[in-house]
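The values are calculated or read from the model by the stated rules, or taken from the named source; none is laboratory data. All values derive from a computational prediction rather than experimental measurement. Cβ placement follows ideal geometry from the backbone for every residue including glycine, while neighbour counts extend to all protein chains displayed.
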Amino acid sequence: MEKSSNKLIANNHALLFDPASLTVAVGYNTSTTIQLVSEQDESVHVSFVYDEDRTQSTDYIKPLEPINIPRHSSHMQIVLQITGLRPGHLIVGCNASPILNASLTEQDFLRINIARSEKLDRIINTIGWLSFIAWSCSFYPQILLNFQRQSVVGLSFDFLAFNIMGFFCYSVYNIAFYSWRNVQDGYMKLHPHGVIPVLINDVVFGLHGFIASFITIFQCLFFEHSKQRVSYTTSILLVLFILFLFITTILTSVDRIDLLLLKIFNFCL
């Protein structure tokens with residue numbers, strides 16, 4: 001089960017979900033805690049809303065009952081039971097009454113991924129790692145053969161050039177999707193109940209492929225290569241790709257269009 005914690009702060013008031021990001025399978029239960037840290041000397045009524053305050057009901061999890069946090073109990077942790085009902089992704093927010101006299105940060109929510117099946121989730125992860133092992137093993141025969149021959153004669157330098165460029169873009173795409181909150185938020189705005197389509201094995205595979213390609217290119221610099229080189233056509237295409245990525249990265253970074261940048265890297269795979 002994937003979990004993380006977010007602290008939700010507003011001046012002298014704070015809400016603490018622990019964990020603030022979790023995964024639960026349909027038909028299963030998990031829990032998180034909510035804690036109000038406040039200098040406010042009165043009880044607080046907290047109700048829950050879904051899909052970024054758009055609705056007070058949901059069929060993805062069993063709706064959470066409103067809670068009352070008594071006065072003088074700002075550090076009390078209240079357990080929230082999460083029951084998965086339908087596969088997808090859900091963002092749970094809070095409404096407090098009386099309203100806290102401050103503006104909460106953009107992190108005042110609980111992220112929930114609802115898996116279709118716990119067993120299916122394990123099967124998907126297992127197949128993903130088996131695929132990673134199978135594809136990863138395919139890199140080493142060429143590397144070992146080059147080392148044994150002390151030669152890379154016959155190896156396509158054009159293929160290596162495109163390969164390392166592809167794995168670089170693929171790694172950037174996966175790492176950003178897996179770990180960059182802005183990218184995930186942008187994806188969820190387009191697919192409110194979708195699930196992030198990148199797993200840790202995707203990230204590891206991309207990085208491993210990039211490193212293996214780099215090792216092969218390193219061999220080309222020192223082993224016999226019979227004056228082989230990257231063709232002019234490939235060189236021109238790679239320069240155009242790099243310029244395209246450089247310019248679009250600057251433009252999207254200035255406008256903070258993180259998801260668009262990821263689509264561009266995906267296009268260059």
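Here segment 160-188 is the region considered, the condition is being closer than 22 Å to T234 by Cβ and of a type in the set (S, T, N, Q), and the residue that is surrounded by the most Cβ atoms within 10 Å (Cβ to Cβ) is S171.
If I filter segment 230-256 down to residues being outside any helix (DSSP H, G or I) and more than 25 Å from Y140 (Cβ to Cβ), which single residue comes out as modelled with the highest pLDDT? Ranking the candidates gives S231 first.
For every residue, the table says whether it meets (1) of a type outside the set (K, R); (2) in a helix (DSSP H, G or I); (3) under 18 Å from V230 (Cβ atoms); (4) free of Cβ contacts under 8 Å to residues at least 60 places away in the same chain.
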{"residue": "L145", "(1), (2), (3), (4)": "yes, yes, no, yes"}
{"residue": "Q148", "(1), (2), (3), (4)": "yes, yes, no, yes"}
{"residue": "A161", "(1), (2), (3), (4)": "yes, yes, yes, no"}
{"residue": "N174", "(1), (2), (3), (4)": "yes, yes, no, yes"}
{"residue": "F177", "(1), (2), (3), (4)": "yes, yes, no, no"}
{"residue": "D185", "(1), (2), (3), (4)": "yes, yes, no, yes"}
{"residue": "V198", "(1), (2), (3), (4)": "yes, no, no, yes"}
{"residue": "F205", "(1), (2), (3), (4)": "yes, yes, no, no"}
{"residue": "F210", "(1), (2), (3), (4)": "yes, yes, yes, yes"}
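From the list D185, D158, the one residue that fits, being more than 30 Å from I196 (Cα to Cα) and of a type in the set (D, E), is D158.
For segment 8-27, the criterion of being over 18 Å from I91 (Cα atoms) and modelled with pLDDT of 85 or more is satisfied by at least one residue. Tally the residues that are surrounded by 14 or more Cβ atoms within 10 Å (Cβ to Cβ) and not in a helix (DSSP H, G or I), restricting the search to segment 150-159. Summing the residues that are surrounded by 14 or more Cβ atoms within 10 Å (Cβ to Cβ) and not in a helix (DSSP H, G or I) in segment 150-159 gives 4.
Only a single item in (1) surrounded by 12 or more Cβ atoms within 10 Å (Cβ to Cβ); (2) modelled with pLDDT of 85 or more; (3) of a type in the set (A, V, I, L, M, F, W, C); (4) closer than 16 Å to L15 by Cα is not met by L64, and it is number (4). Just one of the listed residues (V204, V195, V172) is within 22 Å of N125 (Cα to Cα) and either touching a strand residue (DSSP E or B) at 6+ places or on another chain (Cβ under 7 Å) or outside the structural domain of F139 (by TED's automatic domain parsing) (or both), namely V195.
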